[in-house]
Every structure is written in structure tokens, then in C-alpha cells.
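Taking it in order: structure first as C-alpha cells, then the write-up.
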């Protein structure tokens, strides 16, 4: 009856609160709703959840903030797989925060991805905040941007004369 509702909050709450609930069936049901918030919550909160299966469901939504959040919060998450997924979204902000916050992230790969977005603000933030970022490489991209504000911020922050 719960599964037939196709109601992600109801399915999640049932799995969380009812002792002896069939977690595997409820997990499949929450995935079928395609509700990324409850897929993530299921992985985070439900004991016995299949992290890999839920991770793949989050990736399938192509929702960059939840892909990042899954990597940040879910023990046993596959960082490399989630990193590739966040890069595939082409979401500059989430690529940047992935590099900033996720232990084991490939900084060089994420740097190339943030450059590919051509988002001056997040390229600047990447250069400023990410240990191991190639500032010269990022500057070469920033100085070609039409966004003079971020070019100025970059020059001033890094005291660039080259």
C-alpha cells in the first residue's frame, strides 16, 4: 500500500519509522519516484540502504547540488564516480565546492572542468580557495573573460603583475 502511493516522503518515512519494513522494496520505490531529495535522505538515514544503488539514482537525476551533497554526506559514496557526475552537469558552482569540500577529489580534473564552464566567478573562487589549484592556468582563462569585475578581483587578490 505504501509503495503504491508513489509518494517519496511517505515511502521514506515508512522505511525510517516502521521496524521490520522491507528496506530493499521501499528503496526501489523511492528511487522510482525520481525525487532526488528523498533518494538522498534514504541513503543518509535508512539503515541497510544500498548506497551504491541510491548513488546511481542520484547521479541519474543530473542534479549537481545533490550529487555534491551525496559525496559530502554519505559514508561509502564513490567519490570518483560522483566527481565525474558533477563534472558532467557543467555546474561551475558545484564543481568548485566539490573540489573545496570533498576529500579525495581530483583537483586537476575539477579545475579543468571549472575552466570549461567559463564561469569567471567560480574560476576565481577555485583559484582563491582550492589548495593545489594552478593559479597561472586559471589566470589565463580569467584574463580572457569579458567580466572585468572578476578579472580585477583576481589581479588584486593574487597581486598579479605577470
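No lab work stands behind these numbers, since they all come straight from the coordinates. Nothing here was measured: the structure is a model prediction, and the numbers come from that model. Cβ placement follows ideal geometry from the backbone for every residue including glycine, while neighbour counts extend to all protein chains displayed.
Details
- Folded to 0 to 90 degrees: helix 148-158 orientation relative to the chain principal axis, Cα: 80
- Peptides 30-40, 100-110 ranked from most to least packed by the mean count of surrounding Cβ atoms within 10 Å: 30-40, 100-110.
- Most fluctuating residue given options 151, 128, 140, as computed from a GNM of the chain linking Cα atoms under 10 Å: 140
- FRET efficiency estimate (nearest 0.05) - Cβ-Cβ, residue 51 to residue 129, R0 30 angstrom: 0.60
- Viscosity 1.002 mPa s, 20 °C: Kirkwood-radius Stokes-Einstein D of the range 27-162 over Cα pairs, µm²/s: 136
- Segment residue 37-residue 149, extension gain: residue separation times 0.36 nm, minus the distance between their alpha carbons: 36.8 nm
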